[in-house]
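One structure is given below, encoded as structure tokens.
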């Protein structure tokens, strides 16, 4: 199970980087979102995937460390906010003359 | 009552700007915003001065949030290093805000963004927990994205997009590092990590430390992760640029100092960091020599100066680390002063291109004097603070026989002076009838120039504080013991 999730992280990083290398602004934003989700899943993985409930209760049995879940909850909220900000920024750049292609810089006079 | 107030003091530099920011978001009138913003910054400054006075003797003041004991709860720690960094952040925050108000650039939610930025920076300096450091970084970065893109033109939006993207990638490395270190040790509290890291599998620890090096290194703009900085920092108006250029990269530098001494101690000069330090110094200053606008030159200088700080860290002796911390504090004051001079030029002349400027010294004598003091201090000429900062680093380098990096640091000082002369000879001398900068734009930079002179004349006071801070980092037993209540 852990191996499978590790492969998933690899796939997410690879697709994220691929999208980030492109020139379309929207693709770059999606790429960045995929990269952060790869990091979130790695945090989940760091506790080990044992399949138990993450609560310290009275019931015996395998229990999962609850801390990484709290950590990724925070991290997801943050990356959601930043992604929203990036989309707003991208929209603004789009309004400034419809230039969606981020990589092609015009050498303007400073 | 007083005892409880003192015990709660490490939270105040975070809480005061946070509350001020929340009040500011409610959107009072412009006059009330200015009063509230400046009052909040002043209160933060007062709290941070109290914090420095309380930790002066080497005390460590931990706070366990919610009363949960150290490895389980969220820990805030104020030690000498944290207190000094909070003090300088409050100072630069106040001076930069005064300049922004004086230049009339504080429209809409700038004041609120400013206080949120101060919250994030102070939080990063006072947290004792790796994941909280990440959250503090994000609070700080989101505020900085806002201030950077506020009122943007098309070119600014494009440069800002790059800044946001590079910081997101660095944050991803940070999270990977946190995940690895958690899986290896089962804790994220820095004091607890200091105990557990030596027992953890060496390979995982090494991988985690490299992930964190990339994350902090990108934010601190060390070689080879510095390329984003000059683009981003040449965008915003003068006051914001001074706050950014002074403080933001130094939060990365601070994290490197904290994490690579307490959590991952190297025990001797670290070759990787030494190479990085030399590269940062050299490429930063070479980049500066090639630029043709005042603020871009100054932005490249931020990079080369970060190299000196990393050199102090890489030497890993107590003298080296004390010198590095001294350099951080000196640099923040001087660089913000220079960026404020650049901002004053930009505000009054409407350009900062060297080929369109000239003759500033003729009718802006005070501005020229401030620039000269700060530039000489940056290059390390006595009797200003920069001389003592470089002297400490060079002595530390010679003590541990790292002659190569010492040689680079001396050459880079000369090159720094050269590029400063380039600004001085073209913008301040030469032909031209520039407008006169009003006193309200000059005063904030003058305050910082006076501080560098004062520190230069009384270097012993600051040195004793920074060597106390360095002692906590090189012998973390006291830090660890106090936080974990041993």
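Read the figures in this text as sums done on the coordinates, not as results from a lab. Nothing here was measured: the structure is a model prediction, and the numbers come from that model. Note: ideal-geometry Cβ built from the backbone for every residue, glycine included; neighbour counts use all protein chains shown.
Just a few scattered comments:
- Of the two radii for segment B:308-357, the radius of gyration is 1.29 times the Kirkwood radius, both from the alpha carbons; that is the Rg over Rh value.
- Within segment B:327-371, backbone nitrogen closer than 12 Å to the virtual label 7 Å beyond the Cα of residue B:429 toward Cβ: B:359, B:361
- Estimated FRET transfer efficiency when R0 is 35 angstrom, pair residue A:76-residue B:69 (beta carbons, to 0.05): 0.80
- Cα-based radius of gyration for segment B:27-121, normalised by 2.2 N^0.38 Å, reads 1.28.
- Derived from the Cα gyration tensor, the three semi-axes of the equivalent ellipsoid of segment B:402-444 are 34, 15, 4 Å, largest first.
- Volume per residue that the Cα convex hull of segment B:349-486 spans, once the total is divided by residue count, Å³: 159
- Separation in nanometres of the label points that stand 7 Å from Cα toward Cβ, at residue B:25 and residue B:8: 2.2
- Diffusion constant of segment B:201-294 at 10 °C, which comes from Stokes-Einstein with the Kirkwood Cα-pair radius and 1.306 mPa s, µm²/s: 109
- Under the criterion of Cα pairs below 8 Å and six or more residues apart, the relative contact order for chain B equals 16 percent.
- Computed from Cα atoms, the angle from the helix B:459-474 axis to the main principal axis of chain B rounds to 40 degrees.
- Residues listed by number, segment B:456-485, amide nitrogen under 20 Å from residue B:195 label point at 7 Å toward C-beta: B:472-485
- Counting every other Cβ atom within 10 Å of each residue's Cβ, B:371, B:173, A:80 order from fewest to most as A:80, B:173, B:371.
- Volume per residue of the C-alpha convex hull in segment B:132-235, rounded to whole Å³: 88
- Compactness index (Cα Rg / 2.2 N^0.38 Å), chain B: 0.92
- Equivalent ellipsoid, the protein assembly as shown (semi-axes from 5 times Cα gyration tensor eigenvalues, Å): 37, 28, 24
- Cα centroid separation, segment B:26-48 to segment B:342-358 (Å): 30
- Structure-based [θ]222 nm, chain B - -39500 (n - 2.57) summed over DSSP H runs of at least 4, per residue, nearest 500: -24500 deg cm²/dmol
- Cα point-scatterer Debye curve for segment B:171-327, base-10 log of I(q)/I(0) at q = 0.16, 0.21 Å⁻¹: -0.87, -1.29
- Projected label distance in nm at residue B:485 and residue B:289, using a 7 Å step from Cα toward the beta-carbon: 5.8
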